[in-house]
Amino acid sequence: MRTLGQLLPPPVHAWFARTVYGARFFQAIVSNMPGPNHPMTMAGAQMAAVYPILPLAPGAPLAVGALGWDGTLFVGISADPALLDDADALGEAIRAVLDELGKAAPVRAAPVRAAGRPARRAAELS
């Protein structure tokens, strides 16, 4: 998609995006966004949390974003209340599944090294 997007002139790219980005092709939008493996600051203050907010596509009632940030997974849910009956129940179900996955098996990953920190295993990250 990236190569195709770079080849198309901007008006064609915009037309294509408007044509396929909607209810005919999508019932939900889900995005996994990698973030930094170290703390970040804004105006000198350390950022404690981030929340990915994805816009809804026309006719698609749900967008879920996941963002890994300094060893923590943050999840944001955008829902159209007219098209999705109970967004709170969905959020609780996602939380329950993530909790269950965390208890089911230890995380096995390569050590993570952030600038100025010793290597840590992913299971040690909060």
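The values are calculated or read from the model by the stated rules, or taken from the named source; none is laboratory data. None of the values given here were measured: they were computed from a predicted structure. Positions of Cβ are generated from backbone atoms using ideal geometry, with glycine treated the same way; all protein chains shown enter the neighbour counts. Heads up: the accessible areas ignore ligands, DNA and RNA and are worked out on the full protein's heavy atoms, side chains in. Shrake-Rupley method; radii C 1.70, N 1.55, O 1.52, S 1.80 Å.
Scanning the stretch 14-31 for residues that are open to solvent by 50 Å² or more (accessible area, probe 1.4 Å) and either more than 23 Å from Ile77 (Cβ to Cβ) or among the acidic types (Asp, Glu) (or both) turns up Trp15, Phe16, Arg18, Thr19. The residues listed here are Pro10, Pro81, Pro39, Pro34; of these, the one that is closer than 27 Å to Asp99 by Cα, out of contact with any Leu (no Cβ under 9 Å at 6 or more places or on another chain) and loosely packed, with under 12 Cβ neighbours inside 10 Å is Pro81.
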